[in-house]
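K.L.:
First, the structure itself, so that you have it in front of you.
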Amino acid sequence: MHAEIETYQRQGFGTALELRAPVGLLIVDFVNGFADPAVFGGGNIPQAIDETVALLAAARERQWPVAHSRIVYADDGADHNIFSLKVPGMLTLKEDDPRSAIVPRLAPRPGELVVRKTVPSAFFGTSLAAWLSQRGVQTLVVAGAVTSGCVRASVVDAMSHGLRPLVVSDCVGDRAPDPHDANLFDMAQKYAAVMKRDDALAALDLACGAGA
């Protein structure tokens, strides 16, 4: 692995990403179904939810714009797509199904955006990019599940929209450790800053002016 890291460094990957205000927070798919190992969960997702409680509280204290995403298919499955062909159980995530509801500990407050989607990225086919742009967001802090799937897809699209993604490594989770670790490494090399929660908050406070 050391030799592989040297290859990335030699080729210029992993350059530090400057964090700039204003800052926003995106919490990807921390819903009951992904918190439950018997449905779509497992691995370190419960721990990531635990860590995100404090991250969300910090974002609200700093008055960052906050967005949440959910996977929500039509009640009659009319929007069945390739994602649900690959993972048929996704079609069970309907508007009123408890499995599609955001976990109570991270429940949105008035003024926070809730994005409904049927594909991995929280940006694709949604109003998220415009909502963040309207609020001037430059650095997008990302938490959620799963690291190798909807989190990664959302991070790549965030970068493609000109945002500076900051993935909070202890606030994202996956149902298996290897995909989690590999995708954190890859996002850090190509698409995003990657930091633990406390380090991320300290870096953002510094970038925004202490406490701003």
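K.L.:
Per the Kirkwood definition applied to all pairs of different Cα atoms, how many angstroms is the hydrodynamic radius of region 138-212? Could you put the intermediate results ahead of the total?
P.N.:
Values: mean 1/r = 0.0812 Å⁻¹.
Radius from the Kirkwood sum: 12.3 Å.
K.L.:
Now for a different question. Output the peptides 130-136, 106-112 sorted from most to least packed, where packing is the average of other Cβ atoms within 10 Å over each peptide's residues. Don't skip to the end; give the middle numbers.
P.N.:
On the way: 130-136: 13.6, 106-112: 11.7.
Taking the mean over residues of other Cβ atoms within 10 Å, the ranking is 130-136, 106-112.
K.L.:
Here's something else I'd like to know. Under 8 Å for C-alpha pairs, at least 6 residues apart: give me the relative contact order for region 21-208, rounded to a whole percent. Walk me through the numbers before you get to the answer.
P.N.:
Working: 370 pairs, mean separation 53.4, N = 188.
Once normalised by length, the contact order is 28 percent.
K.L.:
Expressed in nm to one decimal, what extension gain is obtained for the pair Val53 and Asp205 from 0.36 nm per residue of sequence separation less their Cα-Cα distance?
P.N.:
Numbers: separation 152, 0.36 × 152 = 54.72 nm, distance 1.84 nm.
Here the answer is 52.9 nm.
K.L.:
Now, a different point. Checking the cross-link filter: which aspartates and glutamates have an alpha carbon closer than 20 Å to that of Lys94, excluding same-chain neighbours under 8 positions apart?
P.N.:
Asp29, Asp36, Asp75, Asp76, Asp79
K.L.:
I would also like to ask the following. Taking the 0 to 90 degree range and rounding to the nearest ten, how far is the long axis of helix 45-61 tilted relative to the main principal axis of the chain, both from C-alpha atoms?
P.N.:
70 degrees
K.L.:
Another question, then. Neighbour counts of other C-beta atoms within 10 Å: give me Met159, Met195 arranged from fewest to most.
P.N.:
Neighbour counts put them in this order, fewest first: Met159, Met195.
K.L.:
Please list, in chain and number order, the residues 5+ apart from Val115 or on another chain whose amide H is under 5 Å from its amide H, with Hs placed from the backbone.
P.N.:
His68, Ser69, Arg70
K.L.:
Now for a separate question. Calculate, for His161 and Glu6, the FRET efficiency according to 1/(1 + (r/R0)^6) with r their C-beta to C-beta distance and R0 35 Å; round to the nearest 0.05. Kindly include the intermediate steps, with their values, before the conclusion.
P.N.:
Numbers: r = 32 Å, r/R0 = 0.91.
Step by step, r from the Cβ atoms, then E = 0.65.
K.L.:
I've got another one for you. Using only Cα atoms, find the angle between the long axis of helix 197-208 and the longest principal axis of the chain, and express it within 0 to 90 degrees, rounded to the nearest 10.
P.N.:
Roughly 60 degrees between the two axes.
K.L.:
How large is log10 I(q)/I(0) at q = 0.16 Å⁻¹ when the Debye formula is applied to the Cα atoms of region 21-208, each weighted equally and without solvent?
P.N.:
-0.93
K.L.:
Would you calculate, for the chain, the mean residue ellipticity at 222 nm contributed by helices, counting each DSSP H stretch of 4 or more residues as -39,500 (n - 2.57) and dividing by all residues, to the nearest 500? Working shown, then result.
P.N.:
Numbers: 8 runs with 77 residues, N = 212.
Result for the chain, helices only: -10500 deg cm²/dmol.
K.L.:
Given the alpha-carbon gyration tensor of region 121-165, what are the semi-axes of its equivalent ellipsoid in whole angstrom, ordered largest first, with each equal to the square root of 5 times an eigenvalue? Please report the intermediate quantities before stating the final value.
P.N.:
Working: eigenvalues 58, 24, 14 Å².
Working from the Cα gyration tensor, I get semi-axes of 17, 11, 9 Å.
K.L.:
Separate question: Quick one: net charge of Pro98's neighbours, Cβ under 13 Å, K/R +1, D/E -1?
P.N.:
On the way: positive: Arg70, Lys94, Arg99; negative: Asp36, Glu95, Asp96, Asp97.
Net charge around Pro98: -1.
K.L.:
Could you list Cys208, Cys171, Cys150 in order of exposure, starting from the residue whose Cβ has the fewest other Cβ atoms within 10 Å?
P.N.:
Details: Cys208 17, Cys171 28, Cys150 23.
Going from sparsest to densest Cβ surroundings: Cys208, Cys150, Cys171.
K.L.:
A follow-up question, please. So, in nm, how far is label Asp97 from label Lys190 when the simple model puts each one 7 Å beyond its Cα toward the Cβ?
P.N.:
So the two model labels end up 3.0 nm from each other.
K.L.:
Name the residue, out of Ile71, Ile82, Ile45, whose mean-square fluctuation peaks in a Gaussian network model built on the chain with Cα pairs under 10 Å.
P.N.:
Looking only at Ile71, Ile82, Ile45, the largest GNM fluctuation is found for Ile82.
K.L.:
Counting Lys +1, Arg +1, Asp -1, Glu -1, what net charge surrounds His180 among other residues with beta carbon under 12 Å of its beta carbon? Mind showing how you got there, number by number?
P.N.:
On the way: positive: Arg152, Arg175; negative: Asp170, Asp174, Asp178, Asp181, Asp186.
So the environment of His180 carries a net charge of -3.
Read-outs: derived from the displayed coordinates by stated rules, not from any lab. Everything quoted here is computed from the prediction, not taken from an experiment. With ideal geometry, Cβ positions are generated from the backbone for all residues, glycine too; neighbour counts draw on all protein chains shown.
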